Each structure stands twice: as structure tokens, then as C-alpha cells.
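The structure appears below as C-alpha cells.
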Amino acid sequence: MLEVSTPVKWLLRLLAVGYVFFLVAWPVTTIVRTAFADGVGSMLEVFTDPATVHALSLTLQIAIQAVVINLVFGVTISLLLVRYEFPGKRVLSALIDLPMAVSPVVVGLALLLVYKPNGGWFGETLAENGIQIIFSGTGMIMATCFVALPLIVREVVPVLHEIGDDQEQAARSLGANFRQTFWRITLPSIKWAVVYGVVLSLARSLGEFGAVKVVSGNVINQTQTATLLVESKYESFDQPGAYSVAFVLAFLSVICIVVVSLLRPKEIHK
Amino acid sequence: MSIEVSNLTKKYGDFYALDDVNVSLPTGQLTALLGPSGGGKSTLLRIIAGLDTADHGNVSIEGVDATKLPPQKRNVGFVFQHYAVFKHMTVAKNVAFGLEIRKTPKAEVKRRVGELLELVHLSQFADRMPSQLSGGQRQRMALARALAVEPTVLLLDEPFGALDAKVRKELRDWLRRLHDEVHVTTVFVTHDQEEAMEVADEIVVINQGRVEQVGSPDQLYDEPANDFVMGFLGEVTRLGPVRLRPHDVEVAVTPGHAGAFPGTVTRALRVGFEVRLQVELDPEFGSSDPVSVVLSRSHARSLDIELGSKVWLTAAIGAVTVPAMVAV
Amino acid sequence: MTLTPGSSLALGISLIWFSLLVLIPLTAVVVSASDRGWSGYIDTITNPQTMAAVRLTVGQSALVTLVNIVMGTVIAWVLVRDRFFGKRILDVIIDIPFALPTIVAGLVLLGLYGPNSPLDLHWAYTRNAVTLALAFVTLPFIVRTVQPVLEELDHDVEEAAASLGATRLTIFRRVILPSLVPAITAGAALSFARAIAEYGSLVLLSGNKPFSTEVVSVRVLTHIENGSQASAAAVASLMLAVALFVIVLLDIIQRRVSARA
């Protein structure tokens, strides 16, 4: 293996650590300091504000529903892409990644154009039948699904490729039908990839901002999520409030990251 | 007949993996599908198991048309080259899988698993994970797993291909003994002619998607249907107009026999009890390649053959010969 | 396997959902962009304020991607080849920008580079703020694409090169770097796409000053909020083109790499 000389090694180490420290580590710690600047008590005070509690619980509900939808869709599409042959597979496989590259604002706009009640492609018909998507929970869930769509697929597909279909074929030759093979053989083999994808999706869904901002209407106590609340609190000069809510969100996402990093080695050394 | 395959054809693009194959495999026997890699033997086995589908033709198992049945309804046991163990289950759970799918009562499952692990000598490993087993042990576990569901036929796809030579030989003997005990109709794929000759009751030679010959090991060795079968089942050398096995070349140190080919020993190699010679024929008899000859060490010593000796070669009486193809 | 009746049904339902959620809405963006005809489209995107935003966004995204190519490779190298106390923590921190809500990311950077900066760096509402925010959110891309490739590299090849007399720099340049190029390119493409698309982290940090710190996604949002969705769609179509280009590029890289393996 290539051994770099000691000065170069130290230089690279310092460069890497320094860059990450100034760009990520130190800034992230400032939020903790600011949020607890006036003591734990004032930090916890935000939880007594009904608008904040509502925003946090709305965020949680939307994120969980979006993750469940993406979980079912992601595992299904991964199985189809890896285990089956059908025309257009390559195009579909590339398109699945598209949401990663599309701006959240464009996602919001795209959904708006199709589902807004006045003049949307489908929105008018839906509105006539009493279904409202834009400025409601449904639209926010769809926006969140859109942005987090590829995360589970990108985790599960490589693992499905790697384990191959030997075990599934063995199960079928032993008399297992599709359902039994999936629950007893396939799912246990990909479970860490699925968990990893779910945790990443959850983090992404809790933090979605741009797309939700466009489709939600941002109505306090109705469609205002936690991230929208951070923005509005900051812009209305309630900085302590903004930092407190931001701290809660940051805390949740860092927990997600730690969980994932604890899972990862297990997956490698199984 | 246990397995009846008729007019089976399978194409991958322009490539014929199987080209109008017809084979009957008898009940209760141990049959080898033998041939070079890529010749279509694994494809045939997988179509019999239902893991691949043919483009044309039929497969029937014990008189039932299985062509359109999914694998889980064929009641075949399949053993894969790379074991296909269920990595997240213990050895006992692996073996129990097929029985649990069939909703066999718990006590019965336990009893059967115990018996089978006994049969494959893995009783003490019942609670281990497959990753703690050696390759040979994993393959024995896979075999027990396949046998647990009491399959009509047992299909093995290069079962010893991923194992090292010594374990391979052990498992080969063990499979033969196991078959004598269990008597389930068994078909295994191999590209190793020695393995097929040692273990099988009957051998089906498959090459380029076609069946070249079907017969007992002795029949194939003694009466090869064509040049390919002869070449595939053992070493072949060319002596004048015929091809024959190197140990069927008779060596003399004096020009006694009519029609003997004179030549000079250009290489002599002793391997264990054998001596392998390369003999360059005199130019007027000259085929371009030297003739390979195998004789026992004591025979070689009695003839006093060494490098540069002048020898006369004939085909032994009763030797299996086929006409040589046009020299390339 | 070819499709069975059950899997065809699953594919059908998945495709309907994917179309309703992604394909039809994105098509609607393209269709709406052409609502006012070609000249209307050109007028919208050549509007000076929009052009300034495009220039800023593309320029900053390219700059940040270049920084990532160097820093991402260095960090991946250190994570794979170096050993030191705290490396595991560094590895975890790399993922934080992936998971941190973008609005929080903006707030976090304000803490160190904003008005109350402990470093006395007052970058908020300047172009540096844009660079900073984009560098923050795109940090993991190249690290996470290069890292696994570096881990899988065959050390024998390096030793073979060394035994043939290659210097350390030559080994890196001629043996290691070529095998990292596909991963670096893929990571760079993702990082560029993400930077072009970024919105959330810039809201609080950049001030969105027209002709100065306003990026394209903010322009799109302004048009939406002014109720001119055709203009929003016209600008958004530019961003979609970049996204599509990156996705196609990624697909090509992936095919190349798997064909070589």
C-alpha cells in the first residue's frame, strides 16, 4: 500500500480535519450554545407555545407518513429493478434518481402546477370532488415523498445485487411462494439497508423546507411545519425561538446520523 | 422414467444454450450431466427445476407435465454450486425451512431435522450459523435442506465445484454412499469427467446445447459415439490414421510388428507409478504433433527406455480407436 | 426473471404513483414554461435580475464543486488511509450536512460567520455566504462516492508499481487517481446539481439581495409568490435541464464502471 511521507500525512490530516471543523463541526456547536444561552429553562419554554408544539407534531406526522409511503414504494421498485426484466428498465432506474437533483422549490412548483385547485391539471377535477391537495397535508406529504424518494432505493438496490438471487431460488425450490420468500429470505437479507434508508429518509423528511414552503401556504397552527416556523420566527426577530426549534430539529437529525453510523459496521461485518 | 425431457430449446439472443434436447432419466438412479462449461448442462438442470423456462419443449417429472409449474410446485430438491445457504438462519433452521413452509407440525420438523443432520454428519453444528461452517459442511447442509422435503428428484448443479480437491473427493464418495442409502432419483451437473465416471450410474454428455451420448461410464469409455465424447472422457493421442488413448499405445524397442510407426523418445516424465513419453515419429510417418504414450514404470524399466531411445509404436489389441479428423 | 402477473401489477401501481408524484408534475413545469411562447420564454430568462442570479448560481456551484473535488478526495483519503484519534467522529460529522435540515444549516453557519461571529468573520449577506452554504450542503457527496472505491482498491497494484520503481507521487497519479476518476466525477456531478438546486440554507444566510446574493431557486420562489407561475416555470426549466443532464451523466458513469468490472 502507498505510504505517504510523514509531513504529507500530517498536512492532509490537518487539511481534512480543519476544513470539516470550520465548515461543519464548529458551526453546529454554536447552535447548541445559542439555544441554551439563557439556560435550559428558556430553551424548554418553546414547548409551551401551542404553535410550536403544533408545528413539531405536524412535521412528525408528515415525515412518518412520507417515510412509510417511500418505504413501500422503494422496496417494491428496488425488487423490480434488480430481479425482473422489462422494457424501459434502464430509463426508470435513471429517473428514480431525478428527485436528488431537482431543487425543492421546483418540486413545489411542479406539484402546484398539477394539483392547485384553480387551474391545476388535475387540481380542478379533484377540487370539484372535494379533494384538496395543495395547501393541505396531502400536498405536503407528496412534496416530502418527492424529495426523499431515491434514498431507500439507492440503499437497497446495491445490496440486492450483492446478495444475488441464489437464496431466493433455493427457497422457491423448497416450496416457498413469493410472499414466503420475500418475508423469510429477501427481507431479512436486506433489512439493514432498509433500516439505513428509512433513517436517512426520516432525517430528510423532517428537514424538508423549500418544497413544503411552496405547497403548504404556511398557515400558523394549520400547515406550518417546524422548518417553516424556524424561518418565520427568525424573520420576525424571535431569534431565541428560532434557535430553540432549530436545535430540536438538529438534535433529531444528528440522532439519525449516529444511529446510521452505529448500524453501518454491523452491515459490513455480518 | 422419472424425468422426461422432450424437444427442449433455449436461446439467449442468437446463442443456443439448448438445441432440441431429448433425454429420459431413469427413476432411482444417479445420473451425471457431463460436458464443458457453457455447454448447456446447467441450463437443462435449471429448466428441470423450474428456475429457468425453456423457449420450446416439455419437461415431465414422474409422469406429471411440469413444463408450466413454478419451482415451488415441482417438489424437486436443488443444490447450488455456491450453496445458497440462508445466511441469517442457523443450520437447523436452514434444514427446517422447506418443512416449515409446508406447515409440518413442530415435533415432526424437529425429528426430521435431527435425522437429516445425523445423515450429513452435522448434528453437533445444529445451532451454528452457516458462516461458521467450512465449504464442505455448508454443501452437506444444503443437501440436507434439499432432502428434508422428500423431493421426487434431487438436482445438484456443480455441487463440488467450489471446493478444494481433497474435500471434493471426500464429498464425491460420500454422495455415492448417500445415494445408495436414500435412493432418490438424483441428477448432478459436472464438467469433471473423473467425478462423473466415479459417482454416476449413467452419464449424459452434453456439448454445445446437444446431447452427444447417453450411457453407463463403461459404455462411454469403451464405446464413445464420436470424437468429442472420446476426447472429453480421457486423454487422447493420434497415431497415424487413428486416435486412441495413450495407454493403448503398445511400445516395442525392436522393429518387429508390421505397420508399426518408428520414432524417437523426445520427452520422458515419471509421475508416480506411470511413465509418460512423447514420441516424435520419423519424418516419413510424420504427423506434426508428437504421440503421447503412457506405460507403467515397471514396463518402462523392463524395456529400458530413456530419452533418445528409438521405439516402434502400434495400437494395442482391443484398443478403442476412432478415425482421426483431418489434420489441422 | 420476466414479469409475472403479480410483479406486473406491482410495477403498474409503482409507475402510476411515480408518474403522479414526479413525472407529470415535472412535465407540467416544462409545458408551463412554454405557455407564453418562445419569445416570452426568452424574455423571462434574459431578464437582467434572472441572468445575474443564473451567473451567480452557476459560478458559485462550479467553484464549490472544484473545492469539493480537492477537499472531498483529501477527506476520503484521510478517512480510508490514515489512522488517528477521532477519525470515527470525523466520519460521522461528514454525514451531518446530509441530515441537517437546510434551514437549520443556514442558521448554524450564521452562528460562526454571522453578525456575532466569534471569528470576527462577517460573511452574512455577502457572496461568501453563498459559497459557504453551498460548500456546507455539498460536503458529503464526493467524500461518500470516493471513500468506498478507495477502500476496495487493490493494494497489490500499488506495491507492484512501487516494485517497478515508481515514486509515491507517480503511484498516486498513475495508479490510484485513474481508478478514482469515475467516483470523483459522479460525486462532482451530484455536488454541482445539489448546489444549483439549493434553497433552504441560503434563505437566512445570504439575504437574497438582487444582483448580488440572489440565487436561481430564490428567483423561482419570487415568481411563484408573485403569482406568475409561467415565469417561475421558465426559470425552473433551466434548473431541470441541469438536473436531467446530471442524471444522464451519472447513468453513463455507472454503466462504464460496471462494464469495466
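Values quoted throughout were computed directly from the atomic coordinates according to the rules given, and no laboratory measurement underlies them. All values derive from a computational prediction rather than experimental measurement. Positions of Cβ are backbone-derived with ideal geometry, glycine not excepted, and every protein chain shown enters the neighbour counts.
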Task: Kirkwood-based Rg to Rh ratio, the range C:38-260, C-alpha trace - done: 1.05
Open item on the list: Quick check for you: which residues of the range B:246-277 have the amide N under 19 Å from the point 7 Å beyond the Cα of residue B:317 toward its beta carbon?
Closed with: B:247-261
TODO: Could you work out the local net charge near residue C:63, counting Lys and Arg as +1, Asp and Glu as -1, over the other residues with Cβ closer than 13 Å to its Cβ?
DONE: +2
Task: Modelled label reach - residue A:131, point 7 Å along Cα→Cβ, the range A:53-73 residues with backbone N closer than 19 Å - done: A:65-66, A:69-70, A:73
Open item on the list: Check which residues have an amide H placed less than 5 Å from residue B:62's amide H, if you skip close sequence neighbours.
Closed with: B:3, B:4
Open item on the list: Could you tell me the center-to-center distance, by alpha carbons, between the range C:226-245 and the range B:1-33 in angstrom?
Closed with: 59
Open item on the list: Could you sort the peptides C:137-143, C:184-190, A:76-82 by per-residue average Cβ neighbour count (10 Å cutoff), highest mean leading?
Closed with: C:137-143, C:184-190, A:76-82
Task: Global geometry of chain A, whether rounded, prolate or oblate, following the gyration tensor of its Cα atoms and the 1.5 cut on a/c - done: oblate
- [ ] Pick out the long, greasy-scoring helices in chain A: whole DSSP H runs spanning 24 Å or more along their own axis by Cα, mean Kyte-Doolittle at least 1.6.
- [x] A:50-83
TODO: Order the peptides B:265-276, B:66-77, B:218-229 from the highest to the lowest mean number of other Cβ atoms within 10 Å of their residues.
DONE: B:66-77, B:218-229, B:265-276
Task: Gaussian network model of chain C, springs between alpha carbon atoms under 10 Å - residue of C:15, C:134, C:63 with greatest fluctuation - done: C:15
- [ ] Using a Förster distance of 35 angstrom, determine the FRET efficiency expected from the C-beta separation of residue B:310 and residue B:219, and round it to 0.05.
- [x] 0.35
Open item on the list: What are the ³J(HN,Hα) couplings of the range B:305-321, residue after residue, when phi is run through the Karplus curve with 6.51, -1.76, 1.60 and θ = phi - 60°? Round to Hz, x for glycine and proline.
Closed with: 8, 9, 4, x, 4, 8, 9, 10, 10, 9, 7, 5, 5, x, 5, 7, 10
Task: For peptides C:240-248, A:5-13, A:141-149, sequence by mean Cβ density within 10 Å, most packed first - done: A:141-149, C:240-248, A:5-13
Task: Within straight-line cross-link reach of residue A:191, lysines at Cα separation under 30 Å, skipping those fewer than 8 residues along the same chain - done: A:89, A:266, A:270, B:73, B:87, B:93, B:103, B:106, B:110, C:87
Task: Estimated distance in nm for a label pair at residue B:132 and residue A:94, the labels positioned 7 Å out from Cα along Cα-to-Cβ - done: 4.9
Task: Residue-averaged beta-carbon neighbours from other chains (10 angstrom radius) around C:247-260 - done: 2
Task: Shielding score for C:108-115, defined as the mean number of other chain Cβ atoms within 10 Å - done: 6
Task: DSSP-defined antiparallel bridges as percent of all bridges, the range B:3-229, nearest 5 - done: 50
TODO: For the range B:235-323, just say rounded, prolate or oblate: build the C-alpha gyration tensor, square-root its eigenvalues into a ≥ b ≥ c, call rounded for a/c under 1.5, and beyond that prolate if a/b exceeds b/c, oblate if not.
DONE: rounded
Open item on the list: Explain nothing, just the number: dipole magnitude of the protein assembly as shown about its Cα centre with +1 on each Lys and Arg Cβ and -1 on each Asp and Glu Cβ, in debye rounded to the nearest 20.
Closed with: 1980
TODO: Name the most mobile residue of A:116, A:233, A:89, meaning the one with the largest mean-square fluctuation, in a Gaussian network model of chain A with Cα contacts below 10 Å.
DONE: A:89
Open item on the list: For a test of the definition: using alpha carbon positions, the gyration tensor, and the 1.5 limit on a/c, classify the range B:168-224 as rounded, prolate or oblate.
Closed with: prolate
Open item on the list: Going 7 Å from the Cα of residue C:211 along its beta-carbon direction, which residues of the range C:118-152 have the amide nitrogen within less than 20 Å of the resulting point?
Closed with: C:125-130
- [ ] Calculate how steeply helix C:102-113 sits against the longest principal axis of the alpha-carbon atoms of chain C, using the helix alpha-carbon long axis, and give the answer as 0 to 90 degrees to the nearest 10.
- [x] 70
Task: Most mobile listed residue (A:169, A:61, A:132) in chain A, GNM with C-alpha springs under 10 Å - done: A:169
Open item on the list: Along the Cα→Cβ direction, 7 angstrom out, place labels at residue B:102 and residue B:9. What is the inter-label distance in nm?
Closed with: 3.7
TODO: Quick one: check the C-alpha center-to-center distance for the range A:39-57 versus the range C:106-171, whole angstrom.
DONE: 36
Task: the range B:3-229: equivalent-ellipsoid semi-axes (sqrt of 5 x gyration tensor eigenvalues, Cα, Å) - done: 30, 20, 15
Task: Residue-averaged beta-carbon neighbours from other chains (10 angstrom radius) around A:10-21 - done: 6
Task: Order of C:77, A:192 under a 10 Å beta carbon neighbour criterion, fewest first - done: A:192, C:77
